[in-house]
Amino acid sequence: MPLIKLTKIERKRFLTVISCLLLAIFGWLVMALNNKYVYTAKTVLVYKNFPQNKAFHPLQSDTVDLQVEGTGWQLLFARLRVNPPSISIGLDKLNNKDYILFSEQLSNVNSQLETSQKIISVKPDTLYFDFSKRKVKRVPVKLISSLNFAKQFGIADDIEITPNYVTVSGPQREIDKIKEWRTDTLKIDNMQNTTVTRIGMMQNKLKNVIIFPGSAEIKIPVDEFTEKTLELPLKVINNPEYYSVKLYPKKVKVTFLVALSSYQQINEEFMEASVDLSEWKDMHHQQLTIKLTRFPEFCKFVKMSPEKIDFIIEE
């Protein structure tokens, strides 16, 4: 296809026409973007000025559609958003009624915008709320943890949680269901020393339920464990006829792990071993099984010798 050859003057005229056309388009675009337009933008509601002594539950989503008036520039660069991305709505009127009208708060809403955008209406215009009796109570904090210890180390005493109770408040029907409040999961690996840390409470997924405080201090006593063996006298249980029972042997050796800090304190008084005579009477066993009926919580059982014993009944 043959190329059109333009003279120098023709090229100059062509560039002039193109330049004028571009300037005209630019001028039209500027004028168009300076005009006012109405467009829809979504935003999140943030409630304030809560009614006194009332618990409430919104009956609609916390996201609403705003009918926003703004320039074409705002429509182009804001991408159908308002700034800030959320608006505050006062709930003072809920002291006298169970709904809120946006049309009564438009001036307050517009004062929150950081640009010359103007909200002319909101969909839905009416927010409805469900009311119920408000209740406040204290519930225990439950620690959720995933703890791993170095070899021969472990928890040496009760874990301390401060505070060990939290206060929850909200609708009575929701509060009555809450028996405890869990923490976030505390994860620590290769523990060798007593640890003090702070952990947040589990995220509140219940609407209109407030929890205080939002975190707790956790103290985990950690110590090195060593092996210890004690001889315990055996106790006979379930002997209503008061048979004379002779046990062979009369004592059992219990081997367990105990924290070094408690090694001297743990003795025979902290443990109890027994045999159940109903094994012979009801099940006709020829030997009795030894059971530990009392054992320190923070000791770790290793073994017991023997596990079963011989006996003689003297009627």
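The values are calculated or read from the model by the stated rules, or taken from the named source; none is laboratory data. These figures come from a predicted structure and were not determined experimentally. Cβ placement follows ideal geometry from the backbone for every residue including glycine, while neighbour counts extend to all protein chains displayed.
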Take the conditions modelled with pLDDT of 75 or more, surrounded by 11 or more Cβ atoms within 10 Å (Cβ to Cβ), under 34 Å from the mean Cα position of the chain (by Cα) and hydrophobic (A, V, I, L, M, F, W, C) and apply them to VAL82. Does it pass? no
One residue from VAL68, VAL139 being modelled with pLDDT of 80 or more, assigned to a strand (DSSP E or B) and β-branched (Val, Ile, Thr): VAL139
Against the definition (over 30 Å from ALA150 (Cβ atoms), exposed (fewer than 15 other Cβ atoms within 10 Å of the Cβ) and among the hydrophobic types (A, V, I, L, M, F, W, C)), how does ILE237 come out, yes or no? yes
Residues of region 195-217 satisfying the condition of being at pLDDT 90 or above and assigned to a loop (DSSP other than H, G, I, E, B): MET202, PRO213, GLY214
One residue from LYS246, LYS250 being over 14 Å from ILE290 (Cβ atoms) and among the basic types (Lys, Arg): LYS246
Picked from region 90-136 (must be aliphatic (A, V, I, L, M) and either touching a Lys or Arg at 6+ places or on another chain (Cβ under 9 Å) or not in a strand (DSSP E or B) (or both)), the residue modelled with the lowest pLDDT is LEU113
LYS133 fails exactly one of (1) basic (Lys, Arg); (2) exposed (fewer than 13 other Cβ atoms within 10 Å of the Cβ); (3) out of contact with any helix residue (DSSP H, G or I) (no Cβ under 6 Å at 6 or more places or on another chain), namely (3)
Could you check region 133-184 and list, in sequence order, the residues that are among the hydroxyl-bearing types (Ser, Thr, Tyr) and farther than 12 Å from MET201 by Cβ? SER145, SER146, THR162, SER169
Being assigned to a strand (DSSP E or B), free of Cβ contacts under 8 Å to residues at least 40 places away in the same chain and within 30 Å of LYS291 (Cβ to Cβ) narrows it down to one of GLU231, GLU241, GLU227, so name that one. GLU231
Step by step: first the residues of region 261-315, then only those that are over 48 Å from the mean Cα position of the chain (by Cα), free of Cβ contacts under 8 Å to residues at least 40 places away in the same chain and outside any helix (DSSP H, G or I), then the one that is nearest to PHE225 (Cα to Cα). Which residue is that? GLN287
Would you check if VAL166 is within 24 Å of PHE50 (Cα to Cα), touching a residue at least 12 places away in the same chain (Cβ under 8 Å), among the β-branched types (Val, Ile, Thr) and not in a loop (DSSP other than H, G, I, E, B)? yes
